[in-house]
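The values are calculated or read from the model by the stated rules, or taken from the named source; none is laboratory data. Small disclaimer: the values here were computed from a predicted structure and weren't measured. Note that we place each Cβ from the backbone using ideal geometry, even for glycine, and neighbour counts take in every protein chain shown. The protein model used for the area step is the full one, side chains on, heavy atoms only, and it has no ligands, DNA or RNA in it. Shrake-Rupley method; radii C 1.70, N 1.55, O 1.52, S 1.80 Å.
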Amino acid sequence: MPYKIGVDGGGTKTECILVDSSGAIVARHVAPGCNPSVVGPAEAKLIVGDALRTLVHSAPGDRPATVTHTHIYSAGSRAFWRETAAALQEFGEVFTADDSYPVLELATHGRPGLVLHGGTGSFVAARGTDGRVHYAGGVGWRFGDPGSGYDLGRRAVARALLELQGWAPASRLGPAVRDHTGLGETADVGMVTRHFYTHADPNRQIAALAPTVLQLAADGELAANQIIAESIGELLALATRVAAKLFPDAPLEQLPAGLSGPILTNPVVMTALAGRSVLALKPVEGAPIEGVRRLLMRG
């Protein structure tokens, strides 16, 4: 029986599914993250290749699956993934695209519309009336990614440092950031900044502050709520510009507009967005790998 393979590749994990002709998932495999910007190009190729071979050998029956098509939706350079696809000779026709495609599929069901995603990073993806997919933002943690876990953490650290210097009113963010470093209550500005600047994995360390910021906001901490409003406001402004440009004649409040990822689907964030968005934002239902499966079946 011929099968298709779908891959959802990110910085944290690489999820693979083997799908039969009816669209049923007959095998799954989860591997480490394959974002080449995080693990490096050589390691990314190794992770994906090993994951695909493991998946094929886990097919029902006594023989490896015969694969006709493979879709890889992953973060990282498009050119890198095209090159990687060209080298994958044993997995049928290989198609690659951004990791935004699956969540966009879940948000719009193949129709014109858009999705805002906020996880460790962030992006806006949209499908125009001509069926073309457009990508905005998602330029990486070094350059902001508003509405992301990293951006919330970055803003929290900046605010905490100003509090430690005495230039911002004291809040629970200051102690929370200091606790996150593990440096103790006596840590000064220099110690805190040095901790983040010299950390081996600063983007993840900073993004790991996001749950604390969200919890403080839920508890009513004004400084945390201000940080969230500023961060998601920038992402919402980008999404609104994208929608206005792609759909100049459509009422924006009638467009399918999804929210994806642990940051944007947090109740605190959704409440903040609802009060300031002209878009009718709704949380995306289903995991990204379900979006991959639907895209596989649509071809």
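Identify all residues within the range 229-282 that are open to solvent by 70 Å² or more (accessible area, probe 1.4 Å) and not basic (Lys, Arg); write none if there are none. Spell out the reasoning first.
Narrowing the range 229-282 to residues open to solvent by 70 Å² or more (accessible area, probe 1.4 Å): 230, 234, 241, 245, 248-249, 253-254, 262, 267, 271, 274-276, 278, 282.
Answer for the range 229-282, where residues must be open to solvent by 70 Å² or more (accessible area, probe 1.4 Å) and not basic (Lys, Arg): Glu230, Glu234, Pro248, Asp249, Glu253, Gln254, Pro262, Pro267, Thr271, Ala274, Gly275, Val278.
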Check: How many residues does the range 1-18 contain that are modelled with pLDDT of 95 or more and either touching a Lys or Arg at 6+ places or on another chain (Cβ under 8 Å) or farther than 16 Å from Ile289 by Cβ (or both)?
Finding: 5
Next item on the list: Could you figure out which of (1) without any contact (Cβ under 8 Å) to a residue 12 or more places away in the chain; (2) over 22 Å from the mean Cα position of the chain (by Cα); (3) within 20 Å of Ala97 (Cα to Cα) isn't true of Glu43?
Entry: (2)
Next item on the list: Could you please find all residues in the range 52-62 being over 19 Å from Pro36 (Cβ atoms) and open to solvent by less than 30 Å² (accessible area, probe 1.4 Å)?
Entry: Leu55, Val56, Ala59
Item checked: Looking only at the range 102-155, and only at residues there that are touching a strand residue (DSSP E or B) at 6+ places or on another chain (Cβ under 7 Å) and among the hydroxyl-bearing types (Ser, Thr, Tyr), the one that is nearest to Glu285 (Cα to Cα) -> Thr108
Item checked: Evaluation of Thr186 against (1) among the β-branched types (Val, Ile, Thr); (2) open to solvent by 50 Å² or more (accessible area, probe 1.4 Å); (3) modelled with pLDDT of 95 or more (one fails), failing number -> (3)
Note to self: Whether any residue in the range 261-269 is at pLDDT below 95 and not β-branched (Val, Ile, Thr) is what I want to check.
What the structure shows: yes
